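The values are calculated or read from the model by the stated rules, or taken from the named source; none is laboratory data. Keep in mind that this is a model prediction, so the values were computed, not measured. Using ideal geometry, Cβ is built from the backbone for each residue, glycine included, and neighbour counts are taken over all protein chains shown. Accessible surface is based on the protein model in full, side chains and every heavy atom, while ligands, DNA and RNA are left aside. Shrake-Rupley method; radii C 1.70, N 1.55, O 1.52, S 1.80 Å.
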Amino acid sequence: MRESVVVGNWKMHKTIAESIRLVTELKGLLSGKRDTVTVVAPPFTALNSVSIALQNSHLKLAAQNVHQAAQGAYTGEISASMLLDAGCSYVILGHSERRLYFAETNDTVNKKLRLALDEGLAPIMCIGERQEERDAGRTEEVLTIQLTEGLKGLRVQNLAPLIVAYEPVWAIGTGKNATPELAQEAHATIRKHLGDMFGSVFANGLRILYGGSVNAENIPGYVDLPDLDGVLVGGASLNSESFAKIVTSFD
Ligand code: 13P
C-alpha cells in the first residue's frame, strides 16, 4: 500500500507574513489528519519562517529548486545543505517552468537529483509532455526520455525517497486538467518504464503524483486511480480551504 502525498507548489507567491498565515490556517484545518503526507513548497525567502510555523505539525516542507553543486561561487543559487538547514525535507526538481524559463534539461535534473539524494533531500521529479508533443502522439516517448535521462546512472538502492510528478505542460495553470483516464494512462506508462529501468519492486512502491489544474472540485475524479498516489497542486494550494479539501480527499 503506497502512502498518498499531496504537495502544494506555491511558485513565486506569498511574502513571509502571508506564508505564515497560510500554513497556520492549514495546521488548523488539517490537525489530526495523518493518513496523507502533506507538503508545502513556499518560496525560498519564506522557508525558514514556515519551518518554524510548522513545528509540532505533521506538515512537511519542500523547496522549489536546488543548485546541482554542493557549494561554491554560484551567485544567486541555493544549495541542498542550505535547504536542509532551513527545514526542508523535499525538493521539487525539473518543474516545466524551470525547463521552459531557466533552461533546465534532463541532464541538469539528473545532476540535481544526485545531489539531493546524496544530501538527504527527497526529490519530487517533474516530467510531462507539451501540447504539441501530445498532439503528435509522442507523449510516451517524451516521458520515457525524461525518465531515462533524468535518472541515468542512479542506483535503485538510493532511489527510495524519489517521488515522480506527472505534470502535462498543457494542463498547468490553464484550467484544462488532464482527465482521470488520461492521467491513469500516463501514470501506468511511467510505472512500467521505471519497472523496466529499476525492477518491479521499486516501481510498485514508487509514488506518482499528478499535477495540472487540480482543484477542490475536480479532485474526486483522481483519488481512486490505481497508479495515482497523490497530487502536485499549484494555484489551488494558495488557498488554505481548497488545499485542505484536496488533502483530506486522500485520507
Ligand atoms: P496549477 O495547479 O496551478 O495548474 O499548477 C500545477 C503545477 O505546476 C504544480 O507544480
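Residues of segment 200-245 that are under 16 Å from Tyr166 (Cβ atoms) and outside any loop (DSSP other than H, G, I, E, B): Ala203, Arg207, Ile208, Leu209, Tyr210, Gly211, Ile219, Gly221, Gly230, Val231, Leu232, Val233.
Phe250: of a type in the set (Phe, Trp, Tyr) and more than 21 Å from His95 (Cβ to Cβ), yes or no? For Phe250, the condition - of a type in the set (Phe, Trp, Tyr) and more than 21 Å from His95 (Cβ to Cβ) - is met. The set of residues in segment 1-48 being of a type in the set (A, V, I, L, M, F, W, C), more than 16 Å from the ligand (Cβ to nearest atom) and open to solvent by less than 20 Å² (accessible area, probe 1.4 Å) consists of Val23, Leu26, Leu30, Ala46, Leu47.
Scanning segment 49-82 for residues that are surrounded by 19 or more Cβ atoms within 10 Å (Cβ to Cβ), in contact with a helix residue (DSSP H, G or I) (Cβ under 7 Å, 6 or more places away or on another chain) and either under 20 Å from Val109 (Cβ atoms) or at pLDDT below 95 (or both) turns up Ala63, Asn65, Val66, Gln68, Ala80. The residues on offer are Leu162, Leu232, and the sole one that is open to solvent by less than 10 Å² (accessible area, probe 1.4 Å), away from the ligand (no atom under 16 Å from the Cβ) and either in contact with a Ser or Thr (Cβ under 7 Å, 6 or more places away or on another chain) or under 25 Å from His58 (Cβ atoms) (or both) is Leu162. Screening Tyr90 against (1) among the aromatic types (Phe, Trp, Tyr); (2) more than 18 Å from Ile172 (Cβ to Cβ); (3) free of Cβ contacts under 8 Å to residues at least 40 places away in the same chain leaves a single unmet condition, (3). Figure legend. Inter-residue proximity from segment 236-251: first residues at positive phi, second residues surrounded by fewer than 22 Cβ atoms within 10 Å (Cβ to Cβ) and charged (D, E, K, R), beta-carbon distance below 7 Å, spacing 6+ or different chains. No pairs are indicated.
Restricting attention to segment 192-222, the residues being under 19 Å from the mean Cα position of the chain (by Cα), away from the ligand (no atom under 16 Å from the Cβ) and of a type in the set (A, V, I, L, M, F, W, C) number 4. Candidates Gln157, Gln131: the one that is within 23 Å of Ala62 (Cα to Cα) and modelled with pLDDT of 95 or more is Gln157. For segment 116-164, a residue qualifies if it is among the hydrophobic types (A, V, I, L, M, F, W, C) and farther than 16 Å from Gly195 by Cα, and the qualifying residues are Ala116, Leu117, Leu121, Ala122, Ile124, Met125, Cys126, Ile127, Ala136, Val142. Taking segment 9-109 as the region of interest, none of the helices (runs of 4 or more DSSP H) fully inside it holds 2 or more residues being in contact with a His (Cβ under 7 Å, 6 or more places away or on another chain) and basic (Lys, Arg).
Within segment 103-133, being open to solvent by 50 Å² or more (accessible area, probe 1.4 Å) and within 16 Å of the ligand (Cβ to nearest atom) holds for Arg130, Gln131.
Residue pairs whose Cβ atoms lie under 8 Å apart, separated by 6 or more positions or on different chains, with the first residue in segment 123-151 and assigned to a loop (DSSP other than H, G, I, E, B) and the second open to solvent by 60 Å² or more (accessible area, probe 1.4 Å) and of a type outside the set (A, V, I, L, M), are Glu129/Arg138.
Take segment 171-220 and flag every residue that is small (Gly, Ala, Ser), buried (at least 17 other Cβ atoms within 10 Å of the Cβ) and touching a helix residue (DSSP H, G or I) at 6+ places or on another chain (Cβ under 7 Å). Hits for segment 171-220 are Ala178, Ala186, Ala203, Gly212, Ser213, Ala216. Tell me whether segment 177-184 contains one or more residues that are within 14 Å of the ligand (Cβ to nearest atom) and among the hydrophobic types (A, V, I, L, M, F, W, C). Yes, some residue in segment 177-184 is within 14 Å of the ligand (Cβ to nearest atom) and among the hydrophobic types (A, V, I, L, M, F, W, C).
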